[in-house]
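Read through the structure below, which is laid out as structure tokens, and then see the notes.
Rule-based calculations on the coordinates, nothing more; no lab input. Treat the numbers as computed from the prediction; the structure is a model and nothing was measured. Methodologically, a virtual Cβ is constructed for each residue, glycine included, from the backbone with ideal geometry; neighbour enumeration extends over all protein chains shown.
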Amino acid sequence: MRIIKNILLFQKKIFFISYAISILIGIFFGGGLKTIGLSFICIAPFTQYFFYEAKHKNQYYYYYNLGISRLILWGSTFVIGLVNVLILISV
């Protein structure tokens with residue numbers, strides 16, 4: 001449970017910014033939920049790269065000290081993106 005809580009803490013910055021950008025892209029390209037979901041799966045990894053690889057590289061050490069590797073954090077971004085797409089496609 002502790003690991004999931006820390007992964008969600010990591011995803012908090014990425015999720016809201018990525019979702020806002022995805023909604024704008026979705027509206028620009030037709031406004032469908034499917035478009036928003038597909039753009040989210042593309043935008044979320046770019047947002048993570050910008051925040052944690054380019055801008056705040058040392059924040060990975062915080063999560064590494066909690067027992068969460070960089071691979072798990074990247075995987076969580078893709079899993080959340082896939083779940084988001086599946087939810088928005090089924091609606």
* Structure fact -> The answer for the per residue Cα convex hull volume of the range 2-90, in Å³, is 75 Å³
* Can you find, among V85, I21, L71, the residue farthest towards the positive end of the dipole of the range 2-90? Put +1 on the C-beta of Lys and Arg, -1 on that of Asp and Glu. => L71
* **Candidates per chymotrypsin sites (Phe, Trp or Tyr not before Pro) in the range 1-46, loop by DSSP, up to 12 other Cβ within 10 Å** => F29
* Check each of the trypsin sites (Lys or Arg not before Pro) in the range 1-67 and keep only those in coil by DSSP with at most 13 other C-beta atoms within 10 angstrom; list them in order. => K57
* To do: Any chance you could give the angle, 0 to 90 degrees and rounded to 10, that helix 33-48 forms with the longest Cα principal axis of the chain?
  => 30 degrees
* What order do you get for Y64, Y52 when you list them from fewest to most C-beta neighbours inside 10 Å? -> Y64, Y52
* To do: Give a residue-ordered list of calculated ³J(HN,Hα) values for the range 74-84 (Karplus: 6.51 cos²θ - 1.76 cosθ + 1.60, θ = phi - 60°; whole Hz; x for Gly, Pro).
  => 5, x, 5, 5, 5, 5, 5, x, 5, 5, 4
* Asked: What lysines sit close enough to K12 to cross-link, taking a C-alpha to C-alpha distance under 21 Å and skipping anything fewer than 8 places away on the same chain?
  -> K55, K57
